[in-house]
Ligand code: 5RP
């Protein structure tokens, strides 16, 4: 069974004619976008707002009409993958380096749906390194400030040079100590002037589509508990 395909395609059920749809980035949402392309060919009328250049290319290839975020009043539904999902649907995202646009779009969406295979489920966030998008200017100073918060930092590399995001920034992959207060960490990181955004998505996801390993890998849809 292709788990990413199963959960990615399931999200299509939340898309209706006329919607503005936030299109996430990664190998799971690849299946959502591909399937949406098929639906568009069969007559579904939507406009997509991509979270990365990679997604823009894919969406264009499969025939989804795109619109700039600056030209819409709101996003009806955004669908995206995740690197870790905890029981309260808090996430770590940014493994693909698209976290800044992903967070802008997820936050702008009326409903934010996460699609991920059960490998991404964790009791506590933090085994996956937390991506922090930083300005190349003053990198060393920014890195030092992050380390002063108790985090380890590793500059993400690609083919021997620093990985650059679609926005021309760098990514520091960070580990935070056990029992860190994540709400505080999210805020403190973003107070550092050279930090653009971090990959903690706390209280952002509304629905989570995954599979139940204990029940024949059947699809489960979890809803964020607002309380
Ligand atoms: C990209 C992301 C992706 O959603 C995350 O890395 C999951 O990707 P995949 O579906 O390929 O496992 O945050 O920045």
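Read-outs throughout are calculated quantities, based only on the coordinates presented, and are distinct from any laboratory measurement. Since we're looking at a predicted model, the values are computed, not measured. Virtual Cβ from ideal backbone geometry, glycine too; neighbours counted across all protein chains shown.
Using only Cα atoms, find the angle between the long axis of helix 182-191 and the longest principal axis of the chain, and express it within 0 to 90 degrees, rounded to the nearest 10.
70 degrees
Relative to a virtual label point 7 Å from the Cα of residue 57 in the Cα→beta-carbon direction, which members of region 154-198 show backbone nitrogen distances below 15 Å?
164-167
Suppose we keep just the DSSP beta bridges with both residues in the chain; what percent of those would be antiparallel, to 5? Show your work: numbers first, answer last.
Numbers: 24 of 41 bridges.
Rounded to the nearest five, the antiparallel share is 60 percent.
Expressed as an acute angle from 0 to 90° and rounded to the nearest 10, what is the orientation of the C-alpha long axis of helix 139-148 relative to the principal long axis of the chain?
Value to nearest ten degrees: 80.
Taking the chain as the reference, fit the longest principal axis to its C-alpha atoms, fit the long axis of helix 53-62 to the helix C-alpha atoms, and give the angle between the two in degrees, 0 to 90, nearest 10.
Taking the Cα atoms of the chain, the angle to 53-62 is about 10 degrees.
With a 10 Å radius around each residue's Cβ, average the other Cβ atoms per peptide and rank 172-181, 213-222, highest first. Please list the in-between numbers first.
Working: 172-181: 15.8, 213-222: 12.3.
So the peptides 172-181, 213-222, ranked by packing, come out 172-181, 213-222.
Just order 122-133, 33-44 by mean Cβ neighbour count inside 10 Å, highest at the front, would you? Intermediate results must be reported in sequence, preceding the final value.
Details: 122-133: 19.8, 33-44: 16.0.
In decreasing order of mean packing, 122-133, 33-44 become 122-133, 33-44.
Sort 195-207, 147-159 by packing, meaning the average of other beta carbons within 10 Å per residue, with the highest value first.
On the way: 195-207: 21.4, 147-159: 13.8.
In descending order of packing, they fall as 195-207, 147-159.
Calculate the all-directions average of the projected area of region 130-196's alpha-carbon convex hull, and give it in nm².
On the way: hull surface 17.8 nm².
Its Cα hull, projected and averaged over all orientations, spans 4.4 nm².
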